Structure formats: structure tokens, C-alpha cells
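Engineer: Structure below; questions to follow.
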Amino acid sequence: MRSPPLVFALPADPAATERLGEWLGRHLVAGDTLALVGEIGAGKTTLVRGLARGLGTTDADAISSPTYLLVIEHPGRTRLLHADAYLPQKLLGFLADGGLEYLFDATAVVVVEWADRIAKDLPGRTLWLELSLAADAGREVRLHSEDATAFAFLGALPKMF
């Protein structure tokens, strides 16, 4: 059963987007997939930088968009696999050539930017996060999951943001 969407606003400050990512990184566990959706400039990579800090990666400041590399692996307390589906045919080709087992490794947290482009290939335990620009230059955040019980920690989120 799909969870009802959780919608809230972030101020026009990239640090707020990073804080959200860091909070998520402290709660996501190996085997979880975070599907990011949003236009260019919405803050997807900024959110992943914070997420990397929350996961305890060793190179959080080095997080950048993996558009042309497809997947970047970041070691740390919990390994992070950061993928990009901006060029969906390229990523789908990688997945078809055996990358599916690598990308959706149960020992890592996986983040896919532009995830809506490969939605049917994502695992069932996926948290969807959509970032959109708000009129005040802040961000609107929309979260949901196909499994309403998978990410129970989200119940604490409205109190924080």
C-alpha cells in the first residue's frame, strides 16, 4: 500500500536542503533506495551531499552529479551508491549489462537522481523524494513510498522541517 505523500517547504538556503539530506542519511539503512526527482537546479545533488554526511561517508564534500559517470561509489560507515538517470538509455544499458546487481546491492544505500526516468527498474523498497522550486526561491519537498510501512521514521520529519 502506497504511503500518503508528505509535503513540506524548505527555505531558500542550500544548507536547509543539505540538513534534510543529512537527516535522511541518519535514518536510511543498507538496502534502501532513495529516488530523487526534480529539474536541474532543484537541489538533488545538494541533498545527496547532506545524505552522504548522514551516512558517514568519507568524502561527503566530494559529492557531485554522476551524470556522465552513471554511478559513483562513496565508502564510509554505510556505503553510498550515487547514480544518475539523466541519460536514461545509458543507465538502462548499464543495468541490462549486469549493473542491476551492483547498483541495488543490499549492503549500500542507493540514490538515483532523475529516478522517474527508470521508475520501473527501481526496487520495491524505494523512498521517492521530489524537489521543486517554490515561488520564494525555496524548495517544496514531496516524499512517498510504494510501501507505507518501509520508512516509518518519516513520521518524525514534520517536526523537524
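Each reported figure results from applying straightforward, stated rules to the coordinates on display, with no laboratory input. Because the structure is predicted, anything quoted here is derived from the model rather than measured. Counting neighbours? That spans all protein chains shown, and the Cβs are built from the backbone with ideal geometry, glycine included.
Engineer: Can you give the local net charge around Asp116? Use residues other than it whose beta-carbon is closer than 15 angstrom to its beta-carbon, Lys and Arg +1, Asp and Glu -1.
Structural biologist: So the surrounding residues net to -2.
Engineer: As I understand it, the value is the acute angle between the Cα axis of helix 44-55 and the longest principal axis of the Cα atoms of the chain; what does it come to in degrees, rounded to 10?
Structural biologist: Taking Cα atoms only, the helix is inclined about 90 degrees.
Engineer: With only Lys, Arg, Asp and Glu charged, each at its Cβ (+1 for the first two, -1 for the last two), find how big the charge dipole of region 6-138 is about the Cα centre; round to the nearest 20 debye.
Structural biologist: 220
Engineer: Suppose we keep just the DSSP beta bridges with both residues in the chain; what percent of those would be antiparallel, to 5?
Structural biologist: 55
Engineer: Once the other residues with Cβ under 14 Å from the Cβ of Ile63 are scored (Lys, Arg +1; Asp, Glu -1), what is the net sum?
Structural biologist: The answer is -3.
Engineer: Of the options Leu127, Leu157, Leu51, report the single residue whose Cα projects farthest towards the positive end of the charge dipole of region 50-161 (beta-carbon charges: Lys, Arg +1; Asp, Glu -1).
Structural biologist: Ranked along the dipole, the leading option is Leu157.
Engineer: May I ask for the angle, rounded to the nearest 10°, between helix 14-27 and the longest principal axis of the chain, with both axes built from Cα atoms and the value confined to 0 to 90°?
Structural biologist: So the helix axis and the longest Cα principal axis differ by about 60 degrees.
Engineer: In nm, to one decimal, how far is the Arg77 label point from the His27 one, both placed 7 Å along Cα→Cβ?
Structural biologist: 1.6
Engineer: For Arg49, Arg139, Arg26, what's the fewest-to-most ordering of other Cβ within 10 Å of each Cβ?
Structural biologist: Arg26, Arg49, Arg139
Engineer: Also: Can you give the helix-only mean residue ellipticity at 222 nm for the chain, where every DSSP H stretch with n ≥ 4 adds -39500 (n - 2.57) and the sum goes over all residues, rounded to the nearest 500 deg cm²/dmol?
Structural biologist: Value at 222 nm, helices only: -7000 deg cm²/dmol.
Engineer: Oh, and also: Classify region 78-161: rounded, prolate or oblate, from the alpha-carbon gyration tensor (a ≥ b ≥ c, eigenvalue square roots; a/c under 1.5 rounded; otherwise prolate if a/b is larger than b/c)?
Structural biologist: Oblate, since a/c reaches 1.5 and b/c is not below a/b.
Engineer: Nearest 0.05, what FRET efficiency do Lys90 and Ala62 give at R0 = 22 Å with Cβ-Cβ as r?
Structural biologist: 0.50
Engineer: Right, another one. For the chain, modelled as a GNM with alpha-carbon contacts under 10 angstrom, which of Gly56, Gly41, Gly31 fluctuates the most?
Structural biologist: Residue with maximal mean-square fluctuation among Gly56, Gly41, Gly31: Gly41.
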